[in-house]
Amino acid sequence: MLPTYPFAGRSYSYDPAAPLDISLPLAPGPDQVNCFWAEPVQFDTIRVGSFVGSVALGGSTNYQRIHVTPHGNGTHTECYGHISPDPTITLNQCLRRFLFVARVVSVAPRPQPNGDLVVHLADVQAALMSPPDRALPEALVLRTLPNGAAKRHHQYSGTNPTYVEPALAEYLAENNIRHFLLDLPSVDREEDAGQLLAHHAFWQYPAQPRREATITELIFVPDEVGDGLYLLNLQITSLELDASPSKPILYHLHAQPGAGSGGLAR
């Protein structure tokens, strides 16, 4: 019998043996996804005296040091400590739950007069609220269109990639959608003179910081993962930092018979 998860007055089953990984891996070399001029991920073999941390080089074990920039290398999750001067605001302290009901939504960004590509609130809202009696999820997983495989290794630095309008971030905050996952380097424009309007709107910072809310960037949602309702397992490392490499996993949710809102069924 499959386990169930309650949401909005209804019970949903999911198969823990059928995970859908929407993270991008961290690996050395220049061909991995990268943004904001971060150095490529680097693995260094540890050498101490006669010991070498490589079985291939004659050592007894593999023992390596990792050089990684969470905000620039691969899939990562961040908390409002990203825009706060307080070093105690860390993701490891803010994210205390790890299972959430999420909705995957696919949206094409709109070209702007200045050439930018921007994801608009109206397009996401239409997808979230169709049918209109649908309950809003705890997390939004945004897939931008087109969804080419190049997203897996794109070098975004200096390309002015797609971003979201601040009104979308404000809408998510107002409707208590606590976790925003997207296949872009940032919710904000690559160069915006430090305004970070969408970051501030989503976290409601500094007026009323949403401590438990997170943004996860540089995911990849394969085409075979259709739009709809999922259980999200948001996995992070226990770094006391504003961000961490992360591994978001989705599981199909299936509505169980019984009382509740029929508008939630996939």
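Considering only the stretch 210-230, I want to know if a residue exists there that is at negative phi, small (G, A, S) and outside any loop (DSSP other than H, G, I, E, B). So far as the stretch 210-230 goes, no, none of its residues is at negative phi, small (G, A, S) and outside any loop (DSSP other than H, G, I, E, B). For the stretch 137-155, residues that are closer than 14 Å to A213 by Cβ and either surrounded by fewer than 17 Cβ atoms within 10 Å (Cβ to Cβ) or within 14 Å of the chain's Cα centre (by Cα) (or both) total 3.
If P185 meets every condition in (1) of a type outside the set (G, A, S); (2) under 15 Å from H71 (Cα atoms); (3) assigned to a helix (DSSP H, G or I) apart from one, which number is that one? Of (1) of a type outside the set (G, A, S); (2) under 15 Å from H71 (Cα atoms); (3) assigned to a helix (DSSP H, G or I), only one is false for P185: (3). When V187 is tested against (1) touching a Lys or Arg at 6+ places or on another chain (Cβ under 9 Å); (2) surrounded by 21 or more Cβ atoms within 10 Å (Cβ to Cβ), just one condition goes unmet, and that condition is (1). With the structure loaded, tell me whether S84 is at pLDDT 95 or above and surrounded by fewer than 19 Cβ atoms within 10 Å (Cβ to Cβ) or whether it fails that test. It is true that S84 is at pLDDT 95 or above and surrounded by fewer than 19 Cβ atoms within 10 Å (Cβ to Cβ).
Yes/no per residue for (1) under 14 Å from the mean Cα position of the chain (by Cα); (2) over 14 Å from G72 (Cα atoms); (3) part of a helix (DSSP H, G or I); (4) without any contact (Cβ under 8 Å) to a residue 12 or more places away in the chain:
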| position | (1), (2), (3), (4) |
| --- | --- |
| S157 | no, no, no, no |
| P161 | no, no, no, no |
| A173 | no, yes, yes, no |
| F180 | yes, yes, no, no |
| E190 | no, no, no, no |
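Restricted to the stretch 253-265, and to residues there that are touching a strand residue (DSSP E or B) at 6+ places or on another chain (Cβ under 6 Å) and at pLDDT 85 or above, the residue that is surrounded by the most Cβ atoms within 10 Å (Cβ to Cβ) is L253. Among the criteria (1) part of a loop (DSSP other than H, G, I, E, B); (2) of a type in the set (A, V, I, L, M); (3) surrounded by fewer than 17 Cβ atoms within 10 Å (Cβ to Cβ), the one A167 does not fulfil is (1). Taken together, R103, R110 contain a single residue that is in contact (Cβ under 8 Å) with a residue 60 or more places away in the chain and charged (D, E, K, R), which is R103. Among the residues of the stretch 88-134, those that are charged (D, E, K, R) and under 20 Å from T159 (Cβ atoms) comprise R110, D116. Within the stretch 83-138, the set of residues being among the small types (G, A, S) and outside any loop (DSSP other than H, G, I, E, B) comprises A102, S106, A122, A126, A127.
Need the failing condition index for Q42 against (1) under 30 Å from F202 (Cβ atoms); (2) modelled with pLDDT of 95 or more, just the number. Tallying (1) under 30 Å from F202 (Cβ atoms); (2) modelled with pLDDT of 95 or more, Q42 fails exactly one: (1).
Only one of the listed residues (N92, N73) is under 30 Å from P209 (Cα atoms), surrounded by 19 or more Cβ atoms within 10 Å (Cβ to Cβ) and of a type in the set (S, T, N, Q). That residue is N73.
The values are calculated or read from the model by the stated rules, or taken from the named source; none is laboratory data. As the structure is a computational prediction, the values presented were derived from the model and not from experiment. Please note: Cβ atoms are built from the backbone with ideal geometry, for glycine as well, and neighbour counts cover all protein chains shown.
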